[in-house]
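Novice: Let me begin by handing over the structure; questions about it come next.
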Ligand code: ATP
């Protein structure tokens, strides 16, 4: 209470100069991809200790999830794969959504950009998607009012819409971005998306140097595939955010490359940007590890481990763009471990194996 009154941030868990980070491997390809991050951090002497929390996808109990949330509250930061929820019980909500709601990770920031070494429909894509993360279409308020009639509520509140819009415009201001585009369907959902749009227009007035426009989600998808260069920062509701993120990933080479960050006032959780489980390709040594490795770079930047963030980022970019060691999803024939070994090869030039900084 005193810390929050004094606007002091709680110190994050850091013992003996090492940061403790919650690791949620999740399902599908999550355990193998987070396993590569552990190997790379060990090899590069990254001063991070992972506290791993496994969540049983078939369990009807929320105990594992509560452990994960407690761990992130303690450590302040996490890295995760997509968590499966196989239980059909209505009392068990999606663990991914519950985690974001409980920790008030109100915004998802997804940087979508092209890689020079990957052939794709468009080059020079460079868009930030700033997505609503704790309400909107993912409010998880669905019910069957009478047999055969199901209602699903989409919740937009002025308070959360304002917080998100300020985040997007501030983000644009701090990062030298020029334009924010609000993505909506206010012509049909006049009250809910109408409020989201109205709030973004009001907030835009506080940032006169940032251009603001808006676009209806369906036209936005068409514009993205034909002329992505017109977008700079996109401000979206929850469902539209995942749609535009997936469209952009399709344009730049698929789901296996980019990472996303979930942020609130107190915690941050990083993950592969399109949040896929990848069940069909799990355990085959074909999943592209780059999206999770980029999540690890975001994590290192967040922990202000600048040196480690830079050397890992360089090793990733050299592997993808110069050496072109590509898994099948981006047109190559390399295995996941070929990619990781190549990243380690580049890291070897910057670290002495076994040396812990
Ligand atoms: P499910 O939970 O059934 O696995 P999902 O919605 O999480 O479904 P996926 O089917 O896992 O979606 O992923 C969508 C597509 O993206 C699939 O073709 C998957 O193989 C591909 N994909 C996702 N992540 C990766 C990755 N890291 N490397 C290669 N392909 C990937």
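The values are calculated or read from the model by the stated rules, or taken from the named source; none is laboratory data. Everything numeric in this text was worked out from a predicted model, so none of it was measured. Ideal geometry is used to build each Cβ from the backbone, glycine not excepted, and the neighbour counts take in all protein chains shown.
Novice: Being under 16 Å from the mean Cα position of the chain (by Cα), within 16 Å of the ligand (Cβ to nearest atom), modelled with pLDDT of 95 or more and at negative phi narrows it down to one of 33, 105, so name that one.
Specialist: The unique qualifying residue is 33.
Novice: From (1) in contact with a strand residue (DSSP E or B) (Cβ under 7 Å, 6 or more places away or on another chain); (2) buried (at least 21 other Cβ atoms within 10 Å of the Cβ); (3) modelled with pLDDT under 95, pick out the condition that doesn't hold for residue 145.
Specialist: Against the list (1) in contact with a strand residue (DSSP E or B) (Cβ under 7 Å, 6 or more places away or on another chain); (2) buried (at least 21 other Cβ atoms within 10 Å of the Cβ); (3) modelled with pLDDT under 95, residue 145 comes up short only on (2).
Novice: Only one of 288, 246, 262 is within 16 Å of the ligand (Cβ to nearest atom), under 21 Å from residue 26 (Cβ atoms) and outside any loop (DSSP other than H, G, I, E, B). Can you tell me which?
Specialist: Values: 288 fails: outside any loop (DSSP other than H, G, I, E, B); 262 fails: within 16 Å of the ligand (Cβ to nearest atom).
Result of the check over 288, 246, 262: 246.
Novice: Say we look at the range 193-207 and pick out the residues that are in contact with a strand residue (DSSP E or B) (Cβ under 6 Å, 6 or more places away or on another chain) and free of Cβ contacts under 8 Å to residues at least 40 places away in the same chain; which of these is nearest to residue 162 (Cα to Cα)?
Specialist: 200
Novice: Inspect the range 296-310 for any residue being more than 20 Å from the chain's Cα centre (by Cα), surrounded by fewer than 20 Cβ atoms within 10 Å (Cβ to Cβ) and not in a helix (DSSP H, G or I) and give the result as yes or no.
Specialist: No.
Novice: Just to check your reading of the model, which residue among 138, 128 is within 22 Å of residue 224 (Cα to Cα) and surrounded by fewer than 23 Cβ atoms within 10 Å (Cβ to Cβ)?
Specialist: Working: 138 fails: within 22 Å of residue 224 (Cα to Cα).
Answer to the selection: 128.
Novice: Would you confirm whether any residue within the range 296-318 is in contact (Cβ under 8 Å) with a residue 60 or more places away in the chain, within 22 Å of residue 108 (Cα to Cα) and within 14 Å of the ligand (Cβ to nearest atom)?
Specialist: yes
Novice: Name the residue that is nearest to residue 84 (Cα to Cα), counting only residues in the range 265-274 that are more than 7 Å from the ligand (Cβ to nearest atom) and either assigned to a loop (DSSP other than H, G, I, E, B) or out of contact with any helix residue (DSSP H, G or I) (no Cβ under 8 Å at 6 or more places or on another chain) (or both).
Specialist: Result: 273.
Novice: Return yes or no: is residue 203 in contact with a helix residue (DSSP H, G or I) (Cβ under 6 Å, 6 or more places away or on another chain) and part of a helix (DSSP H, G or I)?
Specialist: Considered against the rule, which asks whether it is in contact with a helix residue (DSSP H, G or I) (Cβ under 6 Å, 6 or more places away or on another chain) and part of a helix (DSSP H, G or I), residue 203 comes out as yes.
Novice: In the range 171-190, which residue that is in contact (Cβ under 8 Å) with a residue 24 or more places away in the chain and farther than 16 Å from residue 240 by Cβ is surrounded by the most Cβ atoms within 10 Å (Cβ to Cβ)?
Specialist: Filtering first and then ranking leaves 172.
Novice: Additional query: Exactly one condition in (1) under 22 Å from residue 46 (Cβ atoms); (2) away from the ligand (no atom under 15 Å from the Cβ) is false for residue 324; which is it?
Specialist: (1)
Novice: Can you tell me which condition residue 293 does not meet? The list is (1) within 12 Å of the ligand (Cβ to nearest atom); (2) without any contact (Cβ under 8 Å) to a residue 60 or more places away in the chain; (3) in contact with a strand residue (DSSP E or B) (Cβ under 9 Å, 6 or more places away or on another chain), and all the others hold.
Specialist: (2)
Novice: Which residues, taken from the range 319-336, are under 23 Å from residue 351 (Cα atoms) and either surrounded by fewer than 19 Cβ atoms within 10 Å (Cβ to Cβ) or touching a residue at least 40 places away in the same chain (Cβ under 8 Å) (or both)?
Specialist: Matches in the range 319-336: 320, 321, 322, 323, 324, 336.
Novice: Sticking with this one: Residues that are at pLDDT 90 or above, within 16 Å of the ligand (Cβ to nearest atom) and in a loop (DSSP other than H, G, I, E, B): does the range 53-65 have at least one?
Specialist: No, the range 53-65 contains no residue that is at pLDDT 90 or above, within 16 Å of the ligand (Cβ to nearest atom) and in a loop (DSSP other than H, G, I, E, B).
Novice: Please go through the range 249-259 and give me each residue that is within 13 Å of the ligand (Cβ to nearest atom) and outside any loop (DSSP other than H, G, I, E, B), ordered by number.
Specialist: Residues satisfying the conditions are 249, 250, 259.
Novice: Moving on to the next point. Report yes if residue 65 is in contact with a helix residue (DSSP H, G or I) (Cβ under 9 Å, 6 or more places away or on another chain), crowded, with 23+ Cβ neighbours inside 10 Å and more than 22 Å from residue 238 (Cβ to Cβ), otherwise no.
Specialist: No.
Novice: Moving to a separate point now. Only one of (1) in contact with a strand residue (DSSP E or B) (Cβ under 8 Å, 6 or more places away or on another chain); (2) surrounded by fewer than 16 Cβ atoms within 10 Å (Cβ to Cβ) fails for residue 222. Which number is that?
Specialist: (1)
Novice: Check residue 24 against each of (1) within 16 Å of the ligand (Cβ to nearest atom); (2) at pLDDT below 95 and name the one condition it does not meet.
Specialist: Failing condition for residue 24: (2).
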